[in-house]
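Undergrad: Have a look at the structure that comes next, please.
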Amino acid sequence: MSDWRPRLIASDMDGTLLRWDDTVSEATLAELGRWRADGVPLVLATGRPPRWMVRIREVLGHGTAVCCNGAVLLDLERFEVIDEDPLHPEILESVTSELRRRQPGTWFAVEYGLEFRHEPIYKPRWDVDAPGVAEATLEEMVAAPVAKLLARHEDLSSEEFVALVEEVIGDRATVTHSSSDALAEISAAGVTKASGLAKVAAQHGVGPEDVVVFGDMPNDIAAFEWVRGAGGRAVAMADAHPDLMAVATDVTGTNDDDGVAAFLRSL
């Protein structure tokens, strides 16, 4: 694969493309610019909702971002949602009631894309007072389709809680996680970063064999498997989660060491 070159670059944001101060280094921007000049687009594939994409838009400002772990496609230039695969009320109602019954200390929040609602006892870790963020009852939150359901537990370990959520939900929805907290991220069945990336790649006439994906957490596993199975490259950061390392084709430096740029230069 020494002469292999991607026709599309896909990257996670937090812990991957972004340094720990939430910025993109000049070296990484320069390297991405070189590839873009050669006609190779960058697609961001993130668990972040669209409302958390404003700052990166100021840095990149072009292309499509796969948000909410594949549930939302966002046009960065126009800052418009161009595609959604939401979770519907009947699924929301059933999975939240069963999780609450199995583990009463489970609390919920939902992403609508540009809006965020959480139960009063749910403790958001970021943007607590940001526009579009408000408290709501569980009944209110499950009454309309959502981009992503978040389930949090303050006492269980991340592994224990995510395993419980997976057991309860089964094949009714897709469960992943990208945090050290006991926080499960729940999307519609079949919706992953891979499903979102496949849509964007198809728009560019690119198959998974010609894609390189960078990531660091379990919510990147589906995207890694999508490219790896076709002969593309799945590149884990040096400090990536062990479950992601297990399905990587390559390993690069950390986000603070410009690992994305270093690997792209090697190609």
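The values are calculated or read from the model by the stated rules, or taken from the named source; none is laboratory data. Bear in mind the structure is a predicted one, so any value in this text is a computation, not a measurement. Here the Cβ is made from the backbone with ideal geometry for all residues, glycine too, and neighbour counts use every protein chain on show.
Undergrad: LEU156 - would you say it is assigned to a helix (DSSP H, G or I) and touching a residue at least 40 places away in the same chain (Cβ under 8 Å)?
TA: When the stated conditions are applied, LEU156 does not pass them.
Undergrad: Can you confirm whether ASP258 is touching a residue at least 60 places away in the same chain (Cβ under 8 Å), over 30 Å from GLU90 (Cβ atoms) and not hydrophobic (A, V, I, L, M, F, W, C)?
TA: yes
Undergrad: Any chance segment 129-149 includes a residue that's in contact with a Phe, Trp or Tyr (Cβ under 9 Å, 6 or more places away or on another chain) and among the acidic types (Asp, Glu)?
TA: Yes: segment 129-149 contains one or more residues that are in contact with a Phe, Trp or Tyr (Cβ under 9 Å, 6 or more places away or on another chain) and among the acidic types (Asp, Glu).
Undergrad: Considering (1) touching an Asp or Glu at 6+ places or on another chain (Cβ under 7 Å); (2) not assigned by TED's automatic domain parsing to the domain that holds VAL260, say which one ALA71 fails and leave the rest.
TA: (2)
Undergrad: Return the total of residues in segment 167-205 being in contact with a helix residue (DSSP H, G or I) (Cβ under 9 Å, 6 or more places away or on another chain) and outside any loop (DSSP other than H, G, I, E, B).
TA: 21
Undergrad: I've got another one for you. Restricting attention to segment 213-267, which residues are of a type in the set (Val, Ile, Thr), in a helix (DSSP H, G or I) and within 27 Å of ILE186 (Cα to Cα)?
TA: Residues satisfying the conditions are ILE221, VAL227.
Undergrad: Are any of the residues in segment 219-232 at positive phi and over 12 Å from the mean Cα position of the chain (by Cα)?
TA: yes
Undergrad: Looking at ASP220, ASP181, which one is in contact (Cβ under 8 Å) with a residue 24 or more places away in the chain and either under 18 Å from THR16 (Cβ atoms) or touching a Gly at 6+ places or on another chain (Cβ under 9 Å) (or both)?
TA: Exactly one residue qualifies, and that residue is ASP220.
Undergrad: Please identify the pairs in which a residue from segment 82-98 that is without any contact (Cβ under 8 Å) to a residue 60 or more places away in the chain has its Cβ atom under 7 Å from the Cβ atom of a residue that is of a type in the set (D, E, K, R), counting only partners at least 6 apart or on another chain.
TA: The qualifying pairs are ILE82/ASP75.
Undergrad: Can you work out which of the residues in segment 30-74 that are closer than 24 Å to ARG7 by Cβ and among the basic types (Lys, Arg) is surrounded by the fewest Cβ atoms within 10 Å (Cβ to Cβ)?
TA: Here the answer is ARG34.
Undergrad: Go through segment 201-237 residue by residue and tally those that are of a type in the set (A, V, I, L, M) and under 24 Å from ASP258 (Cβ atoms).
TA: Number satisfying all stated conditions: 11.
Undergrad: A further question on this structure: Just to check your reading of the model, which residue among GLU115, GLU98, GLU80 is assigned by TED's automatic domain parsing to the domain that holds GLU140, surrounded by fewer than 21 Cβ atoms within 10 Å (Cβ to Cβ) and either out of contact with any Lys or Arg (no Cβ under 9 Å at 6 or more places or on another chain) or closer than 13 Å to ALA143 by Cα (or both)?
TA: One residue alone meets the criteria, GLU98.
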